[in-house]
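What follows draws every value from the coordinates through simple rules; no lab data is involved. Quick caveat: nothing in here was measured; it's all calculated off a predicted structure. Here the Cβ is made from the backbone with ideal geometry for all residues, glycine too, and neighbour counts use every protein chain on show.
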Amino acid sequence: MKPDKFYNHTAGPASACCTGRGVVAQVIKRLEFWLFLLVHIGVSYAWRAGYLQNWAEMSMSFLHAPWHEAGVVTLITVLSELAYLGRCYDIHVRVHDLTRQMVGALTDFAFRARICMQAAGHPQDQVACRFLIVSMALFLLEVRGFTRGETRVAEPGETWVTADDWTRFQEKKLLRADEVAFLRNLTFQQRSHFLLREAGRLTNEGLAKARAPPEAAEDFAGTLLSFRQRQEQALEAARLSVPFAYFHLLSLMVMMNMLFWAFALGMTMSYFSHMFYVLSLVLSLAILELAAGLARPFGDSRENIPAAEWVEEAIENVNALLDYKYAGASGNWKLKLEKESKTSVKLDLGADKVRSFLRC
């Protein structure tokens, strides 16, 4: 697998906070951050300029009494934010793991198909692997559209796969024109079931022509079932996000909490109160920003899953397995085996040599 720039944890805190794609940079770009900050600056200026001196007695009695109660409300808000972040992270990790298992099942299918069906001389394994790649790509398009779209797909005939997506499938020769015309009239579940069913039928036909043992068909069926189960589990995990009412309530709690502290810390004589307010404002909004990004596993932000790279990796692995040709394997490895029989079986690899070629 290629080095994954989406999960690079070697950068320091300064790089993570100051880069354009960092969470802090995204928070600073939000309108809410500057609105709350302007309210705090306005209250602080009015307090220090004497415009709020008529409220001095009232404000002091107001600010002195509820510090403990305000701290409790702030603690509840922070815990609710962390619970929301934890739930979004659990969904993100589950979708990540299930998608990686789908890629692994696809590679295993191609590996077994090339071993069992190559002697038959028929392209059943190629067509079956192509259908599996299309099924995974359609799944990623559906999940990405579902988690990034403004509305949910509720009707059975609706889909997140657009006409441009079907055109790209055909241009990349993943689907033929007749296959596109048939699949685009089906729902997502129907497409997935059809592609996996046809992959299974092609596999059985290829195994029969290759005269493979009966146990091979069961192994392939298990791989296809595992692929389908991972696909459905990942789709359900992406759909089972945090309820929208909880997100609205949490946003209201954060807004009221930040508004209270904008007034409370603005009507004090300490200059450190401004630093504390900006820090608390950035952290509160950053948690919401990070959780929102994790709830969209296949978006374009820094914390999202690199689905395009994974599909590219799967296609490269399948192409290497299906189109792999090695000159030394000609004639059923006859020449290579003759040369190997004349050499010593013992490999002269001491500890120093092993360390030398394992050193990064």
Exercise. How much length is gained on full extension from ASP164 to ALA351, taking 0.36 nm per residue of separation minus their Cα-Cα distance?
Worked result: 61.7 nm
Exercise. Tell me, what is the FRET efficiency for ALA25 and ALA70 to the nearest 0.05, using R0 = 22 angstrom and their Cβ-Cβ distance as r?
Worked result: 0.15
Exercise. Can you give the extra length, in nm with one decimal, that the chain gains between ARG184 and GLU316 once fully stretched, where that is 0.36 nm per residue apart less the Cα-Cα distance?
Worked result: 44.9 nm
Problem set entry | Efficiency of FRET from Cβ geometry, HIS193 and ARG100, R₀ 25 Å, rounded to 0.05 | 0.65
Problem set entry | the stretch 263-302 - convex hull of alpha carbons, volume per residue in Å³ | 64
Exercise. Could you give the Stokes-Einstein D for the stretch 132-266 in µm² per second, using the C-alpha Kirkwood radius, 20 °C, 1.002 mPa s?
Worked result: 118
Seminar exercise, completed: Taking N as the residue count of the stretch 65-114, its alpha carbon Rg divided by 2.2 N^0.38 Å gives 2.24
Exercise. Nearest 20 debye, what's the magnitude of the dipole of the stretch 216-315 about its Cα centre given +1 on Lys and Arg Cβ and -1 on Asp and Glu Cβ?
Worked result: 540
